[in-house]
Each structure stands twice: as C-alpha cells, then as structure tokens.
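Here is the structure we will look at.
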Amino acid sequence: MERPASQAVLGLFQDADGVARGVDALRAAGVRGGDFKVLTDSPYPEGAFGEEREQHRLYVFPFAGAACGFSVGLLITVATQMAYPMVTGGKPILSIPPMINVMYEGTMLGAILFTVLGIIFESRLPDFSRAPYDPRISEGYLGLLVTRTDGREAAVEQALRDAGAVDIVDNRSGRTT
C-alpha cells in the first residue's frame, strides 16, 4: 500500500551519538533540515545534534501586547473622563497624572497576557498534527522525527536504520521494526 507524501516517520535511538548519525544520514538522503526535529525527554543545547536552529518570534508578542494594553488603558481613561466630566477647581478634564497608573497597568497586563499566548503559540500547543510519538521518549530514548518525507519513506527509514535506530514508528501503521 502506497503511503501519502506527507507521511511522518519517527526513528528511536538510545544515545545522542546515534541521533547525530541519524541527522547526517537524513541529510545525505536528501531530507531538508526543516523537515526533521529531535525529540528528547531532557533539554539539550540547540544544535547539539547538528540540526538547524529553529527561528522563533517570541520577542514580538510582549511588544504587541504592551502596545495593545497601553491603547486600552488610554482608551479607558480618556473615555471615562469624557463620559463623566468632573470639573474641579478649574483643572482640566483630561488630566495626565491620574491616567499614568491605569496606562502603566494596562501596558503590563497586555505584555504579560500576550507573552503567555506567545509561549503557547511558539510551542505549537496544542499539537494537532498526526505526527507519531512513542512513550519510550519519556523514558530516556531519543527520537528523530521526519515530518515530511515527500514520497521517500523507504529511503528515510533505511537512513534511520543505517544510523542505528532501535525502532521506526510511523503515523499510519504504528510500530515497525
């Protein structure tokens, strides 16, 4: 039975050297660097296995949140003072010093909320992809997940086996050995 071109394949390795060999074997088989990623139960430095750096845009979220929070804080204070004007002793209706606290709190709240949303977004949670996963990764094994094989499943699986993969899992039939 022919698999679809978007078939994902997961190779399980017992040590980090095997994963590094797997990355080299995948590159030799013509798989692009953005089409595979390393799955581990413990953190490794970025690029420890020879994979490409993943680009993120997390730094944009706090700035966007701060701008939105500042705008909402400014809108609330101006709208409140204009809707309920209280002229006291000839002072201006729109007075900046009382508005500063509300705008500051709105800015901080917006930055914090957008940062949390940015972390969730950049972590790609929830993961709706049907990529294979094996619970042995949580027990100390390392996984090399090839997300796009572009019709070369056999070559990818052979490259993972040649690199020393203990097991190969795909998202269709479950575990194969």
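The values are calculated or read from the model by the stated rules, or taken from the named source; none is laboratory data. Just so it is clear, the model here is predicted, and its values are computed rather than measured. Don't worry about glycine lacking a Cβ; one is built from the backbone with ideal geometry, like all the others, and counts go over all protein chains shown.
Residues in the stretch 118-133 that are surrounded by fewer than 15 Cβ atoms within 10 Å (Cβ to Cβ), touching a residue at least 12 places away in the same chain (Cβ under 8 Å) and farther than 30 Å from Asp15 by Cβ: Ile119, Phe121. Would you please list the contacts, defined by Cβ atoms under 9 Å and residues six or more apart or on different chains, that run from a residue in the stretch 85-99 that is in contact (Cβ under 8 Å) with a residue 12 or more places away in the chain to a residue that is part of a loop (DSSP other than H, G, I, E, B)? That search, which allows pairs on different chains as well, returns Ile93/Pro85; Ile93/Met86; Ile93/Val87.
Look at (1) of a type in the set (Lys, Arg); (2) in contact (Cβ under 8 Å) with a residue 60 or more places away in the chain; (3) part of a loop (DSSP other than H, G, I, E, B) and you find that Arg136 fails only one, number (3). Within the stretch 28-61, being in contact with a Gly (Cβ under 7 Å, 6 or more places away or on another chain) and over 16 Å from Ile137 (Cα atoms) holds for Glu51, Glu52, Arg53, Leu58, Phe61.
Yes/no per residue for (1) more than 21 Å from Thr40 (Cβ to Cβ); (2) in the same structural domain as Asp24 (by TED's automatic domain parsing):
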{"site": "Gly73", "(1), (2)": "yes, no"}
{"site": "Met86", "(1), (2)": "yes, no"}
{"site": "Pro98", "(1), (2)": "yes, no"}
{"site": "Asn101", "(1), (2)": "yes, no"}
{"site": "Phe114", "(1), (2)": "yes, no"}
{"site": "Arg152", "(1), (2)": "yes, yes"}
{"site": "Ala159", "(1), (2)": "no, yes"}
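Checking the structure you have, find out if any residue of the stretch 100-109 is charged (D, E, K, R), modelled with pLDDT of 95 or more and over 30 Å from Leu160 (Cβ atoms). Yes. The C-beta contact set for the stretch 23-47 (first residue without any contact (Cβ under 8 Å) to a residue 24 or more places away in the chain and in the same structural domain as Val146 (by TED's automatic domain parsing), second residue of a type outside the set (Gly, Ala, Ser) and assigned to a loop (DSSP other than H, G, I, E, B), distance under 7 angstrom, 6+ apart or interchain) comprises Gly33/Glu51; Gly33/Glu52; Gly34/Glu52; Glu46/Arg53; Gly47/Arg53. With the structure loaded, tell me whether Gly18 is in contact with a helix residue (DSSP H, G or I) (Cβ under 7 Å, 6 or more places away or on another chain), at pLDDT 90 or above, outside the structural domain of Phe114 (by TED's automatic domain parsing) and assigned to a helix (DSSP H, G or I) or whether it fails that test. No; evaluated as a whole, the condition is false for this residue. Restrict the check to the stretch 146-154 and report whether at least one residue is over 15 Å from Gln7 (Cα atoms) and surrounded by 11 or more Cβ atoms within 10 Å (Cβ to Cβ). No: the stretch 146-154 contains no residue that is over 15 Å from Gln7 (Cα atoms) and surrounded by 11 or more Cβ atoms within 10 Å (Cβ to Cβ).
Identify, by number, the condition in (1) at pLDDT 90 or above; (2) outside any loop (DSSP other than H, G, I, E, B) that Gly34 doesn't meet. Unmet condition: (1). Regarding Thr115, is this residue under 20 Å from Val31 (Cβ atoms), under 23 Å from the mean Cα position of the chain (by Cα) and surrounded by 15 or more Cβ atoms within 10 Å (Cβ to Cβ)? When the stated conditions are applied, Thr115 does not pass them.
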